[in-house]
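Here's the structure, in structure tokens; my notes come after.
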Amino acid sequence: MGAGMMKSLILHLAVLVLLFLLQFVISDYAILTLTRMMVLGIFASGFNILFGYTGLLSLGHAMFFGAGVYAAGLPIYHFGWSVPLAFVFAIFMSFVAAVIIGVIALRTVRDSFMILTLMLAQAGYLAILYFNRETGGSEGLTMPQASRSFDFLGLTIDLTDAATRYNIAVLLLAITIVVSFILIQGRYGRLFNAIRENEARTEMLGYNVLTAKLFSFTVSGTIAGMAGAAYAILFGYIGATFAGIQYSIEALLFTLLGGAGTLLGPLLGSILMTTLIDRLSEVTSAYFLFLGLILIALTLWFPKGLLGTIKEKWLPWLT
Amino acid sequence: MGFGPFLFLATLEGLVQASVLVLTAVGLSLVFGVMRVVNVAHGEFFMLGAVIAWFVATNMPGDPAIGFIAALIISPLAVGAVAYVADRLILTRLNYNPEATIVATIGLLYVIQQSVLMTYGADARPVDPPFYYTIRLPWFGYSSYKLFVIAAACVLLGVIWFVLKRTKWGLLMRATQFDRETALAFGIPVRKVYSFVFAIGAGLAAIGAVLIVPIQQAHYLMGLDPLLLSFTVVIIGGLGSIQGTIFAAILIGLSDGILSVFFSPTLAKIVSTLFVAMVLVFKPNGLFAKAKR
Amino acid sequence: MADVTFLKTKDLKCHFGGIKAVDGVDFTLEKGEIRAIIGPNGAGKSTFVSLLSGRTEATAGEVEFLGENVTRLPAYKRVRRGIAYTFQITNIYKDFPVIENVAIAVQSRLSNSGEKTGAGRIRAEAEKVLARVGLSQFAERKAGELAYGHQRLLEVGMGLALQPELLILDEPTQGLSDSEVSDFCDLVKEIAQNATILLIEHNMDVVMTLAGRITVLNQGRILAEGSPEDIRANRAVQDAYLGRGDE
Ligand SMILES: Nc1ncnc2c1ncn2[C@@H]1O[C@H](COP(=O)(O)OP(=O)(O)O)[C@@H](O)[C@H]1O
Ligand SMILES: [Mg+2]
């Protein structure tokens, strides 16, 4: 292991430990919002694998987040599945969705890819509205009380307890960061970067670019789906907005703000944006106005985002 | 009402939809064709056109027809000006890089939408049609205004066609679309052409919106549907091809109108969205494009 | 094993609409050769080698490499079978360090031959390649910041890192200074000890120094083929060049 990689690993582990310890010093309200930030951070991290590392801009990643939300929530609500089973099932279904959508979407490139992912996500969103008898439509469904507490490996897990939810989120975030770290430091990281930088050249060096893109797409969609499943389970609510275009855009926004192509960027973006919204909502309700302005400002003056700029200027070893 | 007249009514409604759609979609197609820019804010230009039409029409004294005509002139100009400024301030500076422009136009989408919400409010508001005359058919009465919309769209398409094929401006646009580098080398002010095309594209969406507000009310969230429908049309017609766009707009407008009357509008949208996705994947040059080579 | 031709094309064609860029080429290449392809601009040279590498799809005809019909194989599979291609217009990872450019190629070769792809091993092999093309001192520089001649060398280095059977070089000396050209010739001679080389080249001095045989393309067809002396003496070749006033 090189020195840079070691530093990077230590930094990421330190951040995770810090997040774990934070629960002992912050307020209950902060615990709740930070839980939400972390889950959305996981979603954006999944998006970032595809966008930041592989250079493919999907405008429809909410379809995977939504797939996770519904594949976890619907079996719990309608069939009374146990929470762990529903969670695993949801991850599997997101994986299947990502493979299928990936095979279709990756036949297109650039502009067409962006429009296609946007369209497919919109079809998914409309389907949720259309089957509103099963899905609850835009009103959504609240998970039954029975699913808010369950036994798992001899432990009783109470999802109404804020600290429990927080620790589950930390655990899932840790899994996401570690898996991404291994992936990005390994040969796939090099390959993804090469594809982002120069696809034609990469093909002519003997790489199967399409398979690599599909792999990236699948990992990305599965992580996004896991985040969706976690959201449904932790907060006990599912609704069509989670699959709507706004969530696709938020994943993009968090990633751009924190720094595309850095592992902690999406989490940082999620924390900053959510905090900003909280602060703003005290003075104005125009959250979306700021969302738009920030998107424009980032593309114009700050395309690498926070960690991307830090990486470029001071910490080249940052992953 | 029997099935025949019912289908006739659905077809008429579909044609009205198609008329507005064709103007909006040609705007989007022009921008994509000439500038290679996917303008996600296009639907908001449409919405802005409708809202400005409402402002103009309600503040214009006298006959509703005067207000309407004023709106038909002022609204596209105002929206075009907004688009022109957006292009100058944002898109030129991004050098029209595909990813950056798409992200920036998403930003623009929210900025326009929320600015309208903060000034115009969340209500849906109607605009009076310039005339109310109802045409009596044997089976049902039909608004003459809607027929006017269809006629107006045909006339405007004729104008667009004329501008593109017969004027110096059209030539500049086509030259820029054909080969940007060569156009530059021949001294065509590509940047200026881009800004104007962006403004014209937005203005076309605004015209479509002015025509529709007497039928559908102006609302700050009304932009998403025309955006997605325009994408649908532009993709089916072939990205950047004007003739294909016109043809596809009629096809989609009609089928959307008819499907929505007979089935649920949501289902109609799902079907058309998935259909488009398949076109994009299997016939990336559009449904009507001849195979290359 | 029966004698297989190293590389062979049969009636190979590539048409772009009405343009017949390559129009019925029968071509063979023996293992170990240094072969030059010459011809006026627009003769179809780049298109022809793109057809060999799979970067461009053939309209008709066949390409056979080491006895296998590879006409329908995608480019990356041909690279894995040993056909490396360097671009006429320098095509490198401009924002990456020089060594990373080569490392990407090294990783491709190692993982395709099922060998270990540890970071240390890849780096060591990449360093060896950089030493061969004389770019060691620039290893950590951004590739896009290198002088043009050095970028050309890096392009060749990426091909070399694949340890190919066949290395295709499309106008590698274009834009190089005289001294760089002569260093480059030495490098090609060295590479040729382990690989067959197919070289598109406009600089006739380079062609005469390096090539064992020369193929002349004109308007998508083979106009002549033979030793450097034959080609020099060939009237048709002289006409093709003089007629076009190319060089
Ligand atoms: N992708 C392409 N599309 C259309 N025409 C092409 C394409 N590539 C090459 N050509 C045409 O094919 C002919 C041969 O080009 P090329 O192979 O680059 O020639 P050379 O390398 O010998 O100069 C030229 O007329 C060129 O314009
Ligand atoms: Mg060439």
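The values are calculated or read from the model by the stated rules, or taken from the named source; none is laboratory data. Predicted model only: the values in this text are computed from it and were never measured. Neighbour counts run over all protein chains shown; Cβ positions are idealised from the backbone, glycine included. Areas reflect the complete protein model, heavy atoms only, side chains present, ligands, DNA and RNA absent. Shrake-Rupley method; radii C 1.70, N 1.55, O 1.52, S 1.80 Å.
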Could you list all residues from the stretch C:58-91 that are more than 15 Å from C:L166 (Cβ to Cβ) and in a loop (DSSP other than H, G, I, E, B)? C:A58, C:T59, C:T71, C:R72, C:P74, C:F87, C:Q88, C:I89, C:T90, C:N91
Check off (1) more than 16 Å from ligand 2 (Cβ to nearest atom); (2) more than 10 Å from every other protein chain (Cβ to nearest Cβ) for C:R78 and give me the number that stays unchecked. (2)
Filtering the stretch A:126-140 for residues that are open to solvent by less than 50 Å² (accessible area, probe 1.4 Å) and away from chain B (no Cβ under 13 Å) leaves a count of 2
Can you list the helices (runs of 4 or more DSSP H) found entirely within the stretch A:221-316 that contain at least 1 residues being more than 29 Å from A:Y70 (Cα to Cα) and open to solvent by less than 30 Å² (accessible area, probe 1.4 Å)? A:265-283, A:287-301, A:305-313
Just checking, how many residues over the stretch B:232-257 are within 14 Å of chain A (Cβ to nearest Cβ), in contact (Cβ under 8 Å) with a residue 60 or more places away in the chain and part of a helix (DSSP H, G or I)? 5
Scan (1) of a type in the set (G, A, S); (2) touching a residue at least 12 places away in the same chain (Cβ under 8 Å); (3) open to solvent by 70 Å² or more (accessible area, probe 1.4 Å) for the single condition B:G201 breaks and write down its number. (3)
Would you check which residues across the stretch C:5-19 are under 30 Å from C:G32 (Cβ atoms) and open to solvent by 10 Å² or more (accessible area, probe 1.4 Å) and list them? C:T5, C:K8, C:K10, C:D11, C:K13
Output the qualifying pairs, or none if there are none: Cβ atoms under 6 angstrom, residues six or more apart or on different chains, first residue in the stretch C:17-35 and farther than 25 Å from C:M204 by Cβ, second residue among the acidic types (D, E) and open to solvent by 10 Å² or more (accessible area, probe 1.4 Å). C:G24/C:D11
Name the single residue, out of those in the stretch C:95-132 being among the polar types (S, T, N, Q) and crowded, with 24+ Cβ neighbours inside 10 Å, that is farthest from the other protein chains (Cβ to nearest Cβ). C:N101
For the stretch C:20-39, state whether one or more residues are more than 13 Å from ligand 2 (Cβ to nearest atom), more than 14 Å from chain A (Cβ to nearest Cβ), among the basic types (K, R) and open to solvent by 10 Å² or more (accessible area, probe 1.4 Å). yes
Quick one: what pairs do we get from the stretch A:103-120, first residue more than 7 Å from every other protein chain (Cβ to nearest Cβ), second of a type in the set (S, T, N, Q) and assigned to a helix (DSSP H, G or I), C-beta under 6 Å, 6+ apart or different chains? A:A105/A:T117
Within the stretch A:278-301, restricting attention to residues that are more than 8 Å from every other protein chain (Cβ to nearest Cβ) and touching a residue at least 12 places away in the same chain (Cβ under 8 Å), which residue is nearest to A:T255 (Cα to Cα)? A:F290
Qualifying residues in the stretch C:194-203 (those that are at pLDDT 90 or above and under 20 Å from C:P228 (Cβ atoms)) - the one farthest from ligand 2 (Cβ to nearest atom): C:T196
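A quick yes/no check of all residues on (1) within 14 Å of chain A (Cβ to nearest Cβ); (2) β-branched (V, I, T); (3) away from ligand 1 (no atom under 16 Å from the Cβ); (4) touching a residue at least 24 places away in the same chain (Cβ under 8 Å):
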{"residue": "C:L146", "(1), (2), (3), (4)": "no, no, yes, yes"}
{"residue": "C:L153", "(1), (2), (3), (4)": "no, no, yes, yes"}
{"residue": "C:L162", "(1), (2), (3), (4)": "yes, no, yes, yes"}
{"residue": "C:V188", "(1), (2), (3), (4)": "no, yes, yes, yes"}
If you check B:S264, B:S260, which single one turns out to be surrounded by fewer than 23 Cβ atoms within 10 Å (Cβ to Cβ) and either facing chain A (nearest Cβ under 8 Å) or under 18 Å from the mean Cα position of the chain (by Cα) (or both)? B:S264
Would you call B:V85 open to solvent by less than 60 Å² (accessible area, probe 1.4 Å), part of a helix (DSSP H, G or I) and modelled with pLDDT of 90 or more? no
Is it the case that C:V49 is buried (at least 23 other Cβ atoms within 10 Å of the Cβ) and within 14 Å of chain A (Cβ to nearest Cβ)? yes
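Look at A:Y77 and say whether it is touching a Leu at 6+ places or on another chain (Cβ under 6 Å) and open to solvent by 70 Å² or more (accessible area, probe 1.4 Å).
Working: touching a Leu at 6+ places or on another chain (Cβ under 6 Å): yes; open to solvent by 70 Å² or more (accessible area, probe 1.4 Å): yes.
So A:Y77 passes the test.
Only residues that are among the aliphatic types (A, V, I, L, M) and under 17 Å from B:K146 (Cβ atoms): list them for the stretch B:211-239, please.
Narrowing the stretch B:211-239 to residues among the aliphatic types (A, V, I, L, M): B:211-213, B:215, B:218, B:221-222, B:224, B:227-229, B:233-236, B:239.
B:L211, B:I212, B:V213, B:I215, listed by residue number.
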